[in-house]
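Trainee: One structure, as structure tokens, below. Some questions next.
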Amino acid sequence: MSDVAATAAPPPPAAGDVAWVMTGAALVFIMIPGLGYFYAGMARDKNALSLMLISLLSLAIVLLQWFVIGYSLAFSTTGGPFIGDGQYAFLMHVGADQTVAVTLPNLAFCIFQCMFAAITPALAVGAVAERFSLIPTTLFMLIWTTIVYDPIAYWTWGANGWLNKLGVLDFAGGTPIEVCSGFAGLGLALAVGKRRPSDEPFKPHSMSSVILGTALLWFGWLGFNSASALAANARAALVLVNTNLAGAAGGMTWLVIDYVRDRRVSALGFCTGAVAGLVAITPACGFMGPAASIAVGFLAGVGCNYASRWKHALGYDDTLDAFSVHGIGGVIGLFFTGVFAEKYWIGLDGTDKPGGALSGHPMQIVYQMAAIGAGAAWSFTITYLIAFVMDKIGLSLRVSAEAEDDGIDHSQMGEYTFDYVGDRISSSVELKRISSQVSREIQAAPLSGSTAA
């Protein structure tokens, strides 16, 4: 994030800068239903609608939380090193002032950052797709945003945040969004447990939805990253170029790896690799040149592809690869920011920061590792504890075995992505009811005969 919380009195904001950042907020908004389509397509059809809905519920919940306390916890200028205070609770004193971002009215920066916060819990919940219970999960999202996302965002970008003060380079959310959601996904997968065995294969039901979701995510990511320059300038243009190149490199790398292994061109592989490249470039996009961004996309394609196989070897069920794509992709991006960052590219908008190891500043890798370790540890640990406590007090994040077999859409919503899905599931449920009734009657028949005798 560029020029957050400077102390000198800034000049009035340029109309073009404000317009670009508000456009960026709208582009990040588009990513949220895009994520819903992406996740829904990768799930079985009986769970697709719940994944679209949970993405929009994440948006609604975080919008309200952001208004009440979230923005203040993440971006107040009077907090300590670890968490913000109540300075901006209920958006008090948030208006035309430029106290948080020097190039923007506080309100514009607030709504832009809100969209970042809104998509993050939805990313994490993908790890427990096909078995989460909707109402407890919405409560989890509220708690999680408040005590996991907001503190990590404050550490990274807050005026007095300890990672910000340390000198960590994180342009658009490698720690608070990618590492945070990925390791939260791992914590959820371990706390909630694996999906039940099923006769239905665990495979995507709609590749067209996956491709549509990928396109919307990629499109929105251009605003997600580029508008994080907080101005319409040369550095924002650099970010736009880098984001596209990394996404392309990640997609092509994953596709080639899958082709070498399976001798097939996989649409799912390309889409997943593109997202991995976009994830990895998120913290790095404003700090390095185009050539380095291709390298980051390539490394993310390789690293995340192999990480996606860990769940089979290690025995956890990260349904939609939240950890292997967002967690590992975020780690790759943050680490190589410390390697490839260059003072020249950083200075395109006048920002004066040292580069990374290849620019003569190897300590930057240490700072980046501190962000990776702190973000991953906090997110994983607190996420696991939230899920554990909720289960112990009767608010389990997991549905019953019967509800899981019938599908979240039927058992918790009574609605479906398509009518034929509802007809099939309703017929299956009725068949199970009749079978159960016949079983009970057969078991009771000898008892009745014995009594009559």
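The values are calculated or read from the model by the stated rules, or taken from the named source; none is laboratory data. Since we're looking at a predicted model, the values are computed, not measured. Note: ideal-geometry Cβ built from the backbone for every residue, glycine included; neighbour counts use all protein chains shown. In case anyone asks, the SASA skips ligands and DNA or RNA and just uses the protein heavy atoms, side chains included. Shrake-Rupley method; radii C 1.70, N 1.55, O 1.52, S 1.80 Å.
Trainee: Given the criteria out of contact with any strand residue (DSSP E or B) (no Cβ under 7 Å at 6 or more places or on another chain), part of a helix (DSSP H, G or I) and under 23 Å from TYR37 (Cα atoms), does ALA191 qualify?
Mentor: No.
Trainee: Part of a helix (DSSP H, G or I), open to solvent by less than 10 Å² (accessible area, probe 1.4 Å), charged (D, E, K, R) and modelled with pLDDT of 95 or more - does that describe any residue in the range 131-152?
Mentor: Yes, the range 131-152 contains a residue that is part of a helix (DSSP H, G or I), open to solvent by less than 10 Å² (accessible area, probe 1.4 Å), charged (D, E, K, R) and modelled with pLDDT of 95 or more.
Trainee: If you don't mind, there's one more thing I want to ask. Please specify each residue of the range 90-107 satisfying the condition of being small (Gly, Ala, Ser) and open to solvent by less than 10 Å² (accessible area, probe 1.4 Å).
Mentor: Answer for the range 90-107, where residues must be small (Gly, Ala, Ser) and open to solvent by less than 10 Å² (accessible area, probe 1.4 Å): just ALA101.
Trainee: Restricting the range 356-383 to residues that are among the β-branched types (Val, Ile, Thr), over 20 Å from PHE287 (Cβ atoms) and buried (at least 18 other Cβ atoms within 10 Å of the Cβ), which is nearest to the chain's Cα centre (by Cα)?
Mentor: THR383
Trainee: Are any residues in the range 129-144 out of contact with any Lys or Arg (no Cβ under 8 Å at 6 or more places or on another chain) and of a type outside the set (A, V, I, L, M), and if so, which ones?
Mentor: Selection gives PRO136, THR137, THR138, PHE140, TRP144.
Trainee: Output the residues belonging to the range 231-240 that are over 22 Å from the mean Cα position of the chain (by Cα) and either more than 19 Å from GLY347 (Cβ to Cβ) or assigned to a helix (DSSP H, G or I) (or both).
Mentor: Residues satisfying the conditions are ALA234, ARG235, ALA236, ALA237, LEU238.
Trainee: Next up: Could you pull out the residue among ALA295, ALA284 that is of a type outside the set (Asp, Glu) and either on the phi > 0 side of the Ramachandran plot or touching a residue at least 60 places away in the same chain (Cβ under 8 Å) (or both)?
Mentor: Answer to the selection: ALA284.
Trainee: Of the residues in the range 405-438, how many are part of a helix (DSSP H, G or I), touching a Leu at 6+ places or on another chain (Cβ under 8 Å) and surrounded by 15 or more Cβ atoms within 10 Å (Cβ to Cβ)?
Mentor: Selection size over the range 405-438: 3.
Residues checked against (1) aliphatic (A, V, I, L, M); (2) modelled with pLDDT under 95:
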| site | (1), (2) |
| --- | --- |
| ALA322 | yes, no |
| LEU334 | yes, no |
| THR337 | no, no |
| PHE340 | no, no |
| GLY350 | no, yes |
| LYS353 | no, yes |
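Trainee: Residues that are open to solvent by 10 Å² or more (accessible area, probe 1.4 Å), among the hydroxyl-bearing types (Ser, Thr, Tyr) and part of a helix (DSSP H, G or I): does the range 171-184 have at least one?
Mentor: The answer is no; no qualifying residue exists.
Trainee: Condition first: farther than 21 Å from PRO121 by Cα and either open to solvent by 60 Å² or more (accessible area, probe 1.4 Å) or in contact with a strand residue (DSSP E or B) (Cβ under 9 Å, 6 or more places away or on another chain) (or both). Now tell me which residues in the range 384-404 satisfy that.
Mentor: LYS392, ILE393, GLY394, SER400, GLU402, GLU404
Trainee: Name every residue in the range 185-200 that is open to solvent by 10 Å² or more (accessible area, probe 1.4 Å) and closer than 20 Å to PRO136 by Cα, in order of residue number.
Mentor: Scanning the range 185-200 gives LEU186, LEU190, ALA191, VAL192, GLY193, LYS194, ARG195, ARG196.
Every residue, every condition in (1) open to solvent by 10 Å² or more (accessible area, probe 1.4 Å); (2) within 17 Å of the chain's Cα centre (by Cα), yes or no:
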residue	(1), (2)
LEU27	yes, yes
GLY34	no, yes
PHE67	yes, no
SER76	no, no
TYR88	no, no
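Trainee: Taking the residues in the range 280-312 that are hydroxyl-bearing (Ser, Thr, Tyr) and in a helix (DSSP H, G or I) as candidates, determine which candidate is nearest to GLY329 (Cα to Cα).
Mentor: It comes out as TYR306.
Trainee: Same structure again: In this structure, does VAL100 turn out to be within 28 Å of THR23 (Cβ to Cβ), among the hydrophobic types (A, V, I, L, M, F, W, C) and over 22 Å from the mean Cα position of the chain (by Cα)?
Mentor: So VAL100 passes the test.
Trainee: Now for a separate question. Regarding the range 333-349, can at least one residue be identified that is basic (Lys, Arg), more than 26 Å from ALA122 (Cβ to Cβ) and either in a helix (DSSP H, G or I) or without any contact (Cβ under 8 Å) to a residue 12 or more places away in the chain (or both)?
Mentor: Taking every residue of the range 333-349 in turn, at least one turns out to be basic (Lys, Arg), more than 26 Å from ALA122 (Cβ to Cβ) and either in a helix (DSSP H, G or I) or without any contact (Cβ under 8 Å) to a residue 12 or more places away in the chain (or both).
Trainee: Give the range 153-170 a look and list any residue that's touching a Pro at 6+ places or on another chain (Cβ under 6 Å), farther than 13 Å from THR282 by Cα and buried (at least 24 other Cβ atoms within 10 Å of the Cβ), or say none.
Mentor: Result: ALA153, THR156.
Trainee: Here is a list of conditions, (1) under 30 Å from ARG398 (Cβ atoms); (2) in contact (Cβ under 8 Å) with a residue 12 or more places away in the chain; (3) among the charged types (D, E, K, R), and ASP199 meets all of them except one; can you say which number that is?
Mentor: (2)
Trainee: With (1) touching a Phe, Trp or Tyr at 6+ places or on another chain (Cβ under 7 Å); (2) open to solvent by less than 10 Å² (accessible area, probe 1.4 Å); (3) under 19 Å from VAL296 (Cα atoms) as the list, and ALA227 as the residue in question, which single condition is left unmet?
Mentor: (3)
Trainee: Given the conditions (1) open to solvent by 10 Å² or more (accessible area, probe 1.4 Å); (2) over 28 Å from ILE69 (Cα atoms); (3) among the β-branched types (Val, Ile, Thr), and given that VAL210 satisfies all but one, which numbered condition is not satisfied?
Mentor: Among (1) open to solvent by 10 Å² or more (accessible area, probe 1.4 Å); (2) over 28 Å from ILE69 (Cα atoms); (3) among the β-branched types (Val, Ile, Thr), the lone unmet condition for VAL210 is (1).
Trainee: When ALA445 is evaluated against the numbered criteria (1) surrounded by 19 or more Cβ atoms within 10 Å (Cβ to Cβ); (2) at pLDDT below 75, which criterion, by number, is the only one it fails?
Mentor: Condition not satisfied by ALA445: (1).
Trainee: Also, I was wondering about something else. Please verify whether the range 40-59 includes one or more residues that are modelled with pLDDT of 95 or more, surrounded by 22 or more Cβ atoms within 10 Å (Cβ to Cβ), of a type outside the set (D, E, K, R) and within 23 Å of LYS165 (Cα to Cα).
Mentor: no
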